[in-house]
1. Calculate how steeply helix A:116-129 sits against the longest principal axis of the alpha-carbon atoms of chain A, using the helix alpha-carbon long axis, and give the answer as 0 to 90 degrees to the nearest 10.
2. Quick check for me: using +1 on Lys/Arg Cβ and -1 on Asp/Glu Cβ, what's the dipole size of the protein assembly as shown about its Cα centre, in debye to the nearest 20?
3. Which entries in the list A:Lys380/A:Lys447; A:Lys393/A:Lys443; A:Lys380/A:Lys443; A:Lys12/A:Lys43; A:Lys156/A:Lys180; A:Lys406/A:Lys443 go over 22 Å, if you measure between the two C-alpha atoms of each?
4. Just order A:227-233, B:194-200 by mean Cβ neighbour count inside 10 Å, highest at the front, would you?
5. For a quick protection proxy, order the peptides B:29-42, A:139-152, B:56-69 by their average other-Cβ count within 10 Å, most packed first.
6. Taking beta carbons within 10 Å but only from partner chains, what does the mean come to for residues A:83-94?
7. Other chains' Cβ within 10 Å of A:99-105 residues: what's the mean?
8. Given H placed on each backbone N at 1.01 Å, which residues far from A:Cys476 in sequence or on other chains put an amide H within less than 5 Å of it?
Amino acid sequence: MTPLLRLVDVSKSFGATRALRGVSIDIFPGEIHCIIGENGAGKSTLGRICGGFVRPDTGSFWYGGKEVPFFSPEEARAAGLAMVFQELSLAPDLSIQDNLFLGAEPTRNPLRVLRRSRERSECQSVLEAVGLGRIEIRQPVGQLPPGQQQLVEISKALARNPRILVLDEPSAMLSLAERKHLHGIVGELRANGTAIVFVTHHVSEVAELADRVTVLRNGALVESIAGRQTVDQIVERLGGGGIPAVQRPQRRVVQNPDNGTADLLSIVVPRLNGGTEAIRVAPGEVVGLYGVIGCGSERIASIVSGQASDAASVAMELEGQKIAVNTPVRARRLGIGHLPNGRAANGILPTRSISENLYLRPRSRKQRASLAPTGGDPDKELSEIGVRYGNAKDPITSLSGGNQQKVLIGRLLGSDLRLLLLEEPTAGIDIAAKADVHNLLRKCTGKGWGILLVSSDLEEAIALSDRIHTMFDGQCVRTYSAPTTGDMSSISADVVGATHAKDREEVL
Amino acid sequence: MSSQSSINQASPPKVRHLFGHIGYADLMLPLLILLLALVAVMIEPRFLSTNNLLNLLRQLTPLLIFAAAQGIVIMSGGLDLSQSSVLSVAGVAGVLVMPQLGIGGGVCIMIAVGAFCGLFSGFVVAATGASPLIVTLSALSITQAFALILANGVPIYDVPGEYTDLVGFTSLAGIPVMVLIGLAVLACCWILLRFTVFGRYVYAMGSNYSAALHSGVDVRFYTVLVYVLSGTCAGIGAVVVTAWTSAAQPIAAPNLALQALASVVLGGVALKGGSGGMIHVVFGVVTLGMLSNVLNMIGVSAYFQTLAVGLVILLAVCLDRLRQRSARR
């Protein structure tokens, strides 16, 4: 059988990051092809290349047995390729019906008058297929809960009768029942000869669905295997052997949680398979939250940093006092410093100087009295945190990513804080800068600050943390005290739901 | 904490669709209109006379035409500040050629000039992705300059009498022709929004531009179309205004574009785009028009009228924020 779509030796870089290196995959009609890998393994990029939304740097592209240039989004659509995006491609103010046919209206007359009644009947039948048969199709999509929005997004792809359907993390937002339904639909499509590319990091789904599994790690192909696999077989390949041993830095002062000192922070989250788990951070401690995108650690971060509107619904204590942090300003007054994810979008002021970026922090009473634009001696502070720079008045963008990140951490260091919330503190920076950042963080814990670390870099989480909580599906899976590299495969299995899947198998 | 629990909570079924796009916050304007009408009738019983109402409608027509177009531009996530000066240049150009090309030719030129100006703005916005605020601000200056140059800086009073009679003062079935023109523009915009692919794309682009792009909507083409529509309406506005005032002013109705913007927002069209309808535009225009009509009747000085209009717009913006916040909950 010839593959319907074929990518050969495809590579793609975004800036300095190599998202894909020489990956080849074959996609056959009537097959479910699962692509699995951890965060940053290049899964989504691969999916987007198929859909024409990303153009690779090198490699060749075959469609229907012929080599063709890489698709543009229009060509991909014309070839019968439909994509379900991780970030939904729905217009929130438009009704379900309007969204379903957006860009593919069944009308050909010159004035392009909408044919609503025809749309309505098609819409009903597609929605029935995904289990939304009784939904009111005239309500705006933005009013639906996230899971249903995801189902609408899937219906939108189905309404185009695709020959190839690419689903990028389709079940991240879905409940178990909805997931089952989705699996049923995908199975039907397969029976009708549709080729399905299923990008996911849920092992259980792969074990349940896949006719062919492609495992990616760090942008490279680990293996492409035909035939159904068990959870264990997949996990073995995911974490398999290739992880380099990490030089373990000297342990930090580990405080005994039973020595009577109140925890700096305690936040209660549900535990997988029932019960709750308290995530506690004591002074001088680093606590890591590890999981794949959508696992719920982002939400914990938004609650602790005061960015969640419903923070009061979560049991959170600060030094033993029940507290709801409802604004970032309040978080800062309580002594919580936040290093957000996404340096370029949420961290730096790209048009301003290094020193202005450094001093973008609340001023002390004394500093407020002075009219000086910055709060002190930038050169002294910058050299203390080890930033390599020319002049403090240079724009921040003249620095490398690693040095920019150090400035952002320096911004926090200059304030009087108790707890640091760090999201991906070393994302996209080189190894030397990473080590510098880790040293800065150890300086913080030395001062008695607690650190809550949200990182999708497992080696980093292990190297820094006194405790790691693995997260999956908004729940805490397991807690590892004093984690070592030996825990890696177990941690990797936790966050892709393998623990979950096995427990379920046992129950069944 | 669990994201699971929030997913499983099904939202209660909404009955709002029965009323189309109208929510409770939108009912405030009709009430305000009624209140204004009541006040007007109490002060001046003749307010409800056919004559006065027709006169009110006539006064509202240019604003209605502008607001209908501005409404569509805003719903698509854009903004057109150049409407007034496009009206000026279209009016001057049309009146200048009227002696040679006749009334029909002049009207065609006005509409064509308007459409061309819109094409220009739309093309720049779509091709460069620049902010429509800046692009239409520059278009405002450019078209204003052309109007002044063409007219030599002075109003042109050389407007054929048949033209002003026909458009400005004739009535069909008791309704003035210019009011009919305004209603026709309104109806066209309503049909476009409600029943065509164009309307759906307008909302989609305003609601989530990248979603529209990813869904296969030719966003550039439809952006250009939106501004062409706005320019065309400014051209139609020129027909109405030149006929009504029997002159082509190089700086005609300078405040009209801002008033249109104000009435669109006042009516309840979200400034961020993606929602609202022609019904909101009508509410906004009627409220603003009635307000100045009633203030005139009470004898409030023009200065205080300006103040009142400003306060009402401020109120509208606050309402807009309130609506967005309640929508997010």
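1. For A:116-129 against chain A, the angle is about 70 degrees.
2. So the magnitude is around 1020 debye.
3. Values: A:Lys380/A:Lys447 19 Å; A:Lys393/A:Lys443 26 Å; A:Lys380/A:Lys443 17 Å; A:Lys12/A:Lys43 12 Å; A:Lys156/A:Lys180 19 Å; A:Lys406/A:Lys443 13 Å.
In this structure, A:Lys393/A:Lys443 exceed 22 Å between Cα atoms.
4. Numbers: A:227-233: 15.4, B:194-200: 19.7.
Result, highest mean Cβ count within 10 Å first: B:194-200, A:227-233.
5. On the way: B:29-42: 14.7, A:139-152: 20.8, B:56-69: 24.9.
The packing order, highest mean first, is B:56-69, A:139-152, B:29-42.
6. Shielding by partners across A:83-94 averages 6.
7. Numbers: counts 6, 1, 3, 13, 13, 3, 5.
What the average comes to for A:99-105 is 6.
8. Here the answer is A:Arg271, A:Leu272, since their amide H atoms fall under 5 Å of that of A:Cys476.
The values are calculated or read from the model by the stated rules, or taken from the named source; none is laboratory data. Worth saying up front: this structure is predicted, and the values here are computed from it rather than measured. Using ideal geometry, Cβ is built from the backbone for each residue, glycine included, and neighbour counts are taken over all protein chains shown. Areas reflect the complete protein model, heavy atoms only, side chains present, ligands, DNA and RNA absent. Shrake-Rupley method; radii C 1.70, N 1.55, O 1.52, S 1.80 Å.
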